Structures are given as structure tokens and as C-alpha cells.
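We did not get these values from a lab; they are worked out from the coordinates using the rules stated. The structure displayed is predicted, hence computed values, not measured ones. For neighbour counting, all protein chains shown are included, and Cβ atoms are generated from backbone atoms with ideal geometry for every residue, glycine included.
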Amino acid sequence: MQSATFDWVDVMRADGVDVGVFAAAGHRSPTVTCITLPEGILGPDVVGAMRERGWVIGGGYSRLKETTIRIGHMGDHRLDDLTQLLEALGEVLR
């Protein structure tokens, strides 16, 4: 699930959407990915828009609250669910 999220980030960047993985390679958690957002798109707004679509994602913490979101990879999740979530997230970010 982590690698599917990283692949999604790469596709979004190739499509001109300025997202990224916050943590540097070698320091990334296998249980959650922190995604940096394009300038002008606020984390709380993205979290709310995803909630309206029926998805729960995490917002960033503290100084990262406005500029990041978090996607969990543990618990009762399936790759199909993650794929659908990432499709909805792509719509929100475009």
C-alpha cells in the first residue's frame, strides 16, 4: 500500500500536480505516508473534501497542518480501497 501511494504521487507529479512525499527515502513509515500539498491547497480543506466523499484521511500536525495530509496503510484496508481513495484525492487536488 505504501508503494502504491508513492506510485500515485509520481503519477500526480507527472500530471503537473505538485504533491510529494514529506519524509525522505530511508525515513518513511510503512504504516502512514505524509503527502505534501500544492501551494494554495490547505490540508484541512482536503481532509474535509475527502470526508464529504466518504473517505477518512489524516491532516498534518502542528506546523504541517496546512501543508500536508496523511494516508494510513495499516488496519482493515485493502489495496482496492486505497486505489479508490487515491482516485478521489486526485479529483480533490485537481
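With contacts taken as Cα pairs under 8 Å at a separation of at least 6 residues, the chain carries a relative contact order of 29 percent. For mean projected area of the Cα convex hull in nm², the value calculated from this model appears in (i) 5.7; (ii) 6.2; (iii) 5.4 under label (i).
Placing +1 on the Cβ of every Lys and Arg and -1 on the Cβ of every Asp and Glu, with no other charges, gives the chain a dipole of roughly 340 debye about its Cα centre. Here's the picture: charge each Lys and Arg Cβ at +1 and each Asp and Glu Cβ at -1 in the chain, and of F6, P44, L64 the one pushed furthest to the positive end of that dipole is L64.
For the peptides 73-80, 51-58, the ranking by packing is 51-58, 73-80, with the highest mean count of neighbouring Cβ atoms within 10 Å listed first.
Distance between the modelled labels on L64 and E91, one decimal in nanometres: 2.7 nm (7 Å Cα→Cβ projection). Summing charges over neighbours of D18, with a neighbour being any other residue whose Cβ is under 12 Å away from its Cβ, gives 0 when K and R count +1 and D and E count -1.
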